[in-house]
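What follows is a single structure, written as structure tokens, with notes after it.
None of the figures in this text is laboratory data; all of them are computed from the coordinates on show. None of the values given here were measured: they were computed from a predicted structure. Neighbour counts are summed over all protein chains in view; Cβ atoms, including those assigned to glycine, are modelled from backbone coordinates with ideal geometry.
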Amino acid sequence: MSSRLPIFYNIHLIIIELERVLENFPMRCTTLLYTILISSFSYLIANSITVIPPGPVTDKSVLEIRVNLSNSTQYLETLTLKVFLDTISETNLVADSTQIELISGESELISFWVETRDIVPGNHLIIVETKDTYNNRSIQQWPIEIISEETAAVTRLSGGWIDPGVLIEGWGYPRNRAVRPEDIRNAVDAMQRIGMSTIIITYVEYKVAFYPSNVLDFPYYGMDVIELILDQAGKNGMHVFLGLGRGTDDLLLWEGLGDYDRIQRGIEFSTEVAQELWELYGHHRSFYGWYLTHEANLIGLAANYYNPVADFCHTFSPDKPVMIAPAGTPIISEWLLNTSKVDIFAYQDAVGAGYKDYRYTGDPEIRIADLDSVFSYYSSLHQNTKKHIWTDLEIWRSNPQTGYTPFVPAPMEQIERQIAIEAKYVDFITGYEFLSMMEPPESTLKLGGDGAVHLYNQYMSYYTSHYLSSENIRIGKNIDLKLKVYPNPFNSSTLIRINNPEQVRMEFFEIFDLLGRRIRIFDIAKNLDDQIVLIWNGKDNRGEEIAQGLYFGQLTSSAGASTVKLLYLK
């Protein structure tokens, strides 16, 4: 190893000089330059991070910060990890590791569990620093939004499911014309505009292949739906689970639990699909994790399928989680959770068809009456485990004409009650299913018809009134500022009003996109007025019009920083 010492020594000198030059730079610039320059040393150790939940989260959450370390050198590497919040400084250190010895060619998953209760709500940056014994470092970042809530989860649909099957004509979901590639991208943008950070693709195949596959024995849909979703989600700073599908055995974990050969065929199918998906799409920054499409009630027996498939998925990048959605009455225990190789359990709330006593009643109110006790029970099972509890909240109702499918959008009033109940017990709320139950009004496809447009508009009103309206902000313990944005959403310009009755020294108001890139800055350092009024016209610092979507406005003062969301619609 001594032959490498001069190289490392020079790298160390470069870092020292970099620190000296950048010591007066804003921390965002410093972190960005570190990422660019130090990434050139990543041949020593390859690491990636994933945070579960991905955000937004509440001030009552527990984050799992997963770091995948991989040693591609010929030597034993001794590493240490540190996790910082917002800036790299000892005062902002939130977790660290003991020395980790990683032999050549091996990988190791390191997890840090961080409570958010002591973190001031707002938009933050999780920074993971990896160092070796020569002080070479690698830095990864993860933006996270923390919201002050009375519940465990943010009271909104933070994730949305996409069932590509509803794109197929003849499935009963109305539309005005044939589906085009831009419709898929527009749907992803529409999800982002209502606060969905995460997309779960239920399956990559169902009777047809929704990507160009050499593994699947199904006809090609003719459009790479998976690539379109991943690419657009990456542009929006969103996260995507890929669902492996079921092949030709839809009932594997209902009728095949005692059939060893059938289970083995299911495992082989799923691992072949996962291998192909990783080779095709593993490079996408939006690729967040895996969804095992097969549902089950008997979780213990279904583990004979779930565990080996989850293990296989973890071989590609161990930090990427594997998720399942247990059916309406799962037989599960704390022991089964602790021994499972699955990371996230997104329990179906089973409201859509009014599930009760192993049957569909058709009355959602019957299931809603049980939700509190059902999810309280699920939550109790997770208390002493390291497994994440999410909800798969159904935003549909059974079709009154058929008794089941094609589904119809549920009333917004009902969805609000589902959110309010389930948010008390889970970490993250996802809504099933977006693509045919919600449709933005500007869409010319009109997939799902007028009912889907109506639900999207109703949910947009709910979202904006709860998360984008004027806010009273407390910075620190005793200093109050009033930060108002109106109109919000906006399509030409919006007024940003800062009421500062206590004469806190202002610094600047910045606008960032979801990837943390600064779009616009207003210098208000010399403004001593009790009220500061800014007008933003949807343009960046160069005067160029930005893309529509969700942005964050950050007010920085001598008392700290606070954040407000801005939704720009063209």
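The relative contact order of segment 150-232, computed from alpha carbon pairs under 8 Å that lie at least 6 residues apart in sequence, is 33 percent. In percent, rounded to a whole number, the relative contact order of segment 159-467 is 18, using alpha-carbon pairs under 8 Å and six or more apart. What does the charge count near L301 come to, summing +1 for each Lys or Arg and -1 for each Asp or Glu among other residues with Cβ under 14 Å from its Cβ? In short, -2. Ranked by the mean number of other Cβ atoms within 10 Å of their residues, highest first, the peptides 415-427, 160-172 come out as 415-427, 160-172. Counted by Cβ distance under 10 Å from A350, the other residues give a net charge of -2, where Lys and Arg count +1 and Asp and Glu count -1. In the structure shown, the pairs K341/K424; K356/K446; K482/K526; K484/K526; K60/K341; K235/K484 are assessed against 23 Å; a Cα-Cα span above that value is assigned to K341/K424; K356/K446; K60/K341; K235/K484.
Counting 0.36 nm for each residue step from E544 to R117 and taking away their Cα separation leaves a gain of 149.8 nm.
Taking every DSSP helix (H) stretch of at least 4 residues in the chain, weighting each as -39,500 (n - 2.57) and dividing the sum by the residue count yields a mean residue ellipticity at 222 nm of -8500 deg cm²/dmol.
Divide the volume of the convex hull around the Cα atoms of segment 159-467 by the residue count and you get 127 Å³ per residue. Could you compute the net charge surrounding W290? Neighbours are other residues with a C-beta less than 11 Å from the C-beta of W290; K and R count +1, D and E count -1. That works out to 0. For the chain, what does the relative contact order come out to in percent, with C-alpha contacts under 8 Å and a separation of six or more? Relative contact order for the chain comes out at 11 percent.
For the peptides 527-538, 245-256, what is the packing order when you average, over each peptide's residues, the other Cβ atoms within 10 Å and list the highest mean first?
245-256, 527-538
Normalised by 2.2 N^0.38 Å, with N the number of residues, the alpha-carbon radius of gyration of the chain equals 0.99.
Looking at the calculated P(r) for segment 471-568, what percent of the C-alpha pair distances fall above 23 Å? It works out to 21 percent of all Cα pairs. Exposure proxy ranking for R265, R193, based on other Cβ atoms within 10 angstrom of each Cβ and starting from the fewest, stands as R265, R193.
With q set to 0.20, 0.23 Å⁻¹, the log10 of I(q)/I(0) for segment 160-272, from the Debye formula over equal scatterers at the Cα positions, is -1.11, -1.29.
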